[in-house]
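Report on one structure; see the data block that follows.
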Amino acid sequence: MKFFEEIVDQAGDIIFFCDMEGNCTFVNAFTERLIGMSKKEIVGRHFTDFVAEEAKEEVAKHYIGLLSTRFENDYYEFPVITSTGNVLWVGQSTNLRLDSNGQPIGFFAIARPITKLKSVQHSLSESEAKVRSIIDSALDAVIVINENGIITEWNKQAEHTFGWSKERAQGMRLSETIIPPEYREAHERGMKHFLKTGEGPVLNQRIEITAMHASGRVFPVELTIIPNQIDGVYFFSSFVRDITEAKKSERLLKAINNLAISLLGKTSLDEIAWEITKNTTEQLGFDDCVVYILDEDKQELYQLAAYGDSKSEDGKILNPITIPVGKGIVGRVAKIGAPIIIDDTSKEPDYIVDDETRYSELTVPIIEGDKVIGVIDSEHEEKGFYTEEHLQTLTTVANLVSAQLNTAIVNNQKLKAEQSLRESEERWQKLVENQPEAIQITEEGKVVYLNQAGIELYEATSMEQVMGENLLELAGNTLRSMFEKRLEQLRKGEKVPPIEFEINTYKGNTKIIEATSSPVTYNGKWAIQTIARDITEKKEAEERKEKLLADLKVANDKLNEFAHVVSHDLKAPLRAISSLSEWVVEDYRDSLDEEGKQTLEMIIENVEKMDALIEGILTYSTSTSKKEELETIDLNELLSEVVSRLHVPEHIKLEVQKEFPEVQFSRVQLGQVIQNLVSNAIKFMDKKEGSIRIGFEEQKEKWLCFVSDNGPGIDQEIGNDVFNLFSTFHDSKEGSTGIGLSIIKKIMENHHEDVWFESTTGQGTTFYFTIGKFNNNERSEISITARG
C-alpha cells in the first residue's frame, strides 16, 4: 500500500477515496496542492465541500443518483473551489469500491482540470484494486492433520484446490497427497523434530511453498500452519491458498506498473504508442507488439508503432501496412470490438502477413467509451503460444491506455485540423492577393479589406489610403439609391445581379467596372464581399464591334444589291451575244468555213459558261444573305423529287436508303444541297460501273446524312479548299463553276449545321452533313473539316 500511495502522490491528477456517504477517506498530494489544504484538513470532510457553491446542489444530486446504482466508470465535469477561493473546472472519473462480497463500500475518483483523460495513476490503482480484490476474496483450503500426519479434516475449498475428495483424502498421510515427492522427507523430519522439541521454523507464519494437485500438477501456494494441543495430543491446522493467480497478478501488476510509470508525462500519440509496444514486448516476453490506430473516415487501421527485431528501426516502422476494418485478424477485432487468440494462423483464411508469417496471434481492441479507437496486436512463431493470461494482461493494458491514447488522438486531430486551417488560410490569402480581379470586403460600407488588384483598380497609392473609406463615393451620388437598395436585399439574404457603373479613381481617371456582391462573415461580423473588374476596354471593344457590325451590314446589303445589279446587267449583253452568234451560225452556215463555225460554237459555249457563272454568283449571294423559314420535310419525298430531276447515266447505279426521317429545314435549300452533291457525283464519275449511295445514320441529337460515290476521289492536299468560292478539284472541261460546294457550305452554315467529306484518291468520296433533330437556335457554329 505504501508503494501504491507513493505512486499516487507522484501523479499529476486529483485522486481521492470516499465512503458511501461521500466523506473523504484518502487524498493524494496533488489534491493537497490543488485545493491548498493538507490531507488532515481534507480527510473526513464531504467531497462536495470542495465544489463551487453554484454547482453543489447539481453535483450532489448527480452523485446521489449515481451511488444508488451499480455504475462503472462515470465521467462528470464540475467546478471546484480552492482554499484561496479560486474556481477550477475538473473532469472526474468515478468508480465504486466493492468489498470481498461484491458490495459497495465507497468510491474512488480521479480528476483532471478540464480533460476527459483518466490519469495513469487511476488506471494503475484500479488494476491493483482488481488484483487485490481477487486475492482477498479467495477462500482458503483448510486441512487438519494429527500428530501422525494423518488428514482428519478436508474442506470444500481443499477439494477444489487439490482435486482430492474429502472421503478419499481423510485417513491418508498429508505427505502422500499435496506435498511433492522431493519435499516429503523434509516434511516428515520437520514433524518429528517439532513433536520432540516443540520447535518448528515454518509454524505460525505465512510461507510460500510448492504444492501438488491430485493430477500431479504442482503449483504455488501460501501456507499457514498453526499447531494446537488438546489433552496433550497435537493437531495441526493448515490454511492453504492457491496463489497461482496471485503470482500471475503480480506479473500483470508489475507490467502495468512499469507501463503506467513510463507513460507519465507522455502526451504525444507516437510517444504513447511506442511505450505501449516496448513495455508490452519486454515485460510479457513477446516477440513483437504492434499498435494500430483506427482512421474512422477511411475505415482503415494503420500501424503507428511496432516493437521487435524486424518491426522497427530508429523509431520508425519498417514497411508499415494498413488494414481495412473487417479484414484479417486485426480488422476483425476492430469490427467486433472483442479480443481474439489464434493458435494456428495457417488455418485462418483471412490471416494477413505483415513482415513474415507467424503461427500465433493475439489481438485486443483499444476501446474508449463505446468506440474502438485502435488495436494492440502481437504475433509469435510458435503455434499455440498465447494463453488466457496473455489475453487478460493485454486487455488490461488496452483498458489502461485507452483514455490517454484517445486524448492524444483527439489532440493530434486538433493539431492537424489547426495546421490544415492555417494552410487553407494561407492558400486563400495568396489566392486572393494574386487574383487579377479586385476583391474587397466592407462593413457598414467601409473598406476592411482590399487586395492588390483592388488597389490598382482604384489607383490608390497604398492600402492605408482606402482602409475605412466608402469606395461607392467614387461612383458619385447618382447611384446612391440603387446601392442602398442592393444593400437591403443582401441583408435579407437575397441575391443581387452584377452591376456595371462608372467610377472616378483616386487619380481622377474614369473607369467602367462590373461588380458582383455577396454577404460573408469576416472576423465574426456580417460583411459584404465584392468582386470588381475593370471592363472599360471591354465596353470600348463592344462599341467598336457594334459599329463594325453595323458597317458590315451596310456593306453586305450594298454587296448583295451590287451582285443582283451586276448579274442582271451582265446577262443582258450575254443574251445578245448568244442570240447574235446563233443567228450568224443559222444564217451564214453555208458561207462559213470549219474554223469559222468552231469559233462561233466556242463563243456560244463560253457565253453559256459565263451565264452559269453569273447565275451561280447570284445563287451564292442569295444563300449567304438569306435564311429561309424552317418547315417540316419528309426526306423520302424530297429525295424522290430531287432524283426525278436528275439524269443518271445507265452505267451509274443510284441507291437511296429507305425510311428517311422527317426533319426541319428550308425545303428549297435542302433540296439544293442534295442535288448539288448528287450532281457532282454523277458529273465527275470516272468508273465504268459507277455507284452512288444516299443514306443516313441516327446520332444522339442529330441526323447524319451522306452522299457516297466510288468516283475519282479528292486529293487530301486540296482539303477544305473544295468549299471555297470558284474552287474546282477536277478537270475544268467538265463545266464546273466551282460554286456548288460553296453554296452548300453557306446553306449549312446558315442553319448552324456541319458539312465535311472523307475521300480516298481513286476509290471515291463521301460527303456528310448534319440536320438537327429539333429546332435548336443555339446550335454550335459550323465546323467544316476534311477527314481522310
How tilted is helix 635-645 with respect to the longest principal axis of the chain? Cα atoms for both, answer in degrees (0 to 90, nearest 10). 30
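Treat every Asp and Glu Cβ in the chain as -1 and every Lys and Arg Cβ as +1, leave all other atoms uncharged, and give the resulting dipole magnitude about the Cα centre to the nearest 20 debye.
Value, rounded to 20: 2660 debye.
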Would you list Glu21, Glu443 from the most to the least accessible area, probe 1.4 Å? Glu21, Glu443
Could you give the length gained by full extension between Asn73 and Thr536, i.e. 0.36 nm per residue of separation minus their alpha carbon distance, to one decimal place? 159.5 nm
What number comes out for accessible area per residue over segment 436-535 if the probe is 1.4 Å? Units Å², please. 56
Rounded, prolate or oblate: which one fits segment 138-247, using the alpha carbon gyration tensor with axes a ≥ b ≥ c (rounded when a/c is under 1.5, else prolate when a/b beats b/c, else oblate)? prolate
[x] 67.9; [y] 46.5; [z] 30.7, with the label sought being that of the calculated mean projected area of the Cα convex hull in nm²: [x]
Length-normalised contact order for segment 138-247 - Cα pairs under 8 Å, 6+ apart - percent: 29
Accessible area per residue of segment 177-245 at 1.4 Å probe, in Å²? 60
Hand me the trypsin sites (Lys or Arg not before Pro) from segment 264-311 located in a DSSP loop with no more than 12 other Cβ atoms within 10 Å, in residue order please. Lys298
Sort 65-73, 395-403 for me by packing, meaning the mean count of neighbouring Cβ atoms within 10 Å per residue, highest on top. 395-403, 65-73
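Tell me the mean residue ellipticity at 222 nm calculated for the chain from its helices only (DSSP H runs of n ≥ 4, each -39500 (n - 2.57), averaged over every residue, nearest 500).
Helix-only estimate at 222 nm: -13000 deg cm²/dmol.
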Label segment 265-412 by shape, choosing from rounded, prolate and oblate, from the square roots a ≥ b ≥ c of the eigenvalues of the Cα gyration tensor; if a/c is under 1.5 it is rounded, and otherwise prolate applies when a/b is larger than b/c, oblate when it is not. rounded
Full-stretch length increase - Asn509, Leu391 - with 0.36 nm per residue and alpha-carbon distance subtracted: 34.3 nm
For the pair Glu176 and Thr48, what calculated FRET efficiency results from E = 1/(1 + (r/R0)^6), where r is the Cβ-Cβ distance and R0 = 56 Å, to the nearest 0.05? 0.35
For the chain, give the percent of accessible area contributed by carbon and sulfur heavy atoms, probe 1.4 Å, rounded to a whole number. 50
Filter the cross-link list Lys327/Lys347; Lys658/Lys688; Lys254/Lys278 down to pairs whose alpha-carbon distance in this structure exceeds 19 Å. Lys658/Lys688
Which loop-located trypsin sites (Lys or Arg not before Pro) does segment 403-493 contain, where loop means any DSSP state but H, G, I, E or B and the Cβ has at most 16 other Cβ atoms within 10 Å? Lys492
Looking only at segment 217-244, which residues have a backbone nitrogen under 16 Å from a spot 7 Å from the Cα of Glu208 in the C-beta direction? 219-224, 240-244
Expressed as an acute angle from 0 to 90° and rounded to the nearest 10, what is the orientation of the C-alpha long axis of helix 667-683 relative to the principal long axis of the chain? 80
Any idea what angle helix 388-433 forms with the longest principal axis of the chain, computed on alpha-carbon atoms, 0 to 90 degrees, nearest 10? 30
Taking a crude spin-label model, label points 7 Å out from Cα along the C-beta direction, the Gln299 to Glu641 distance in nm is 6.5
Under a 1.4 Å probe, what is the accessible area of segment 265-412 per residue, stated in Å²? 45
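The values are calculated or read from the model by the stated rules, or taken from the named source; none is laboratory data. What you are looking at is a predicted structure, and each value in this text was computed from that prediction instead of being measured. All Cβ positions, even for glycine, are placed from backbone atoms using ideal geometry, and neighbour counts span all protein chains on display. These area figures cover heavy atoms from the full protein model, side chains too; ligands, DNA and RNA do not enter into them. Shrake-Rupley method; radii C 1.70, N 1.55, O 1.52, S 1.80 Å.
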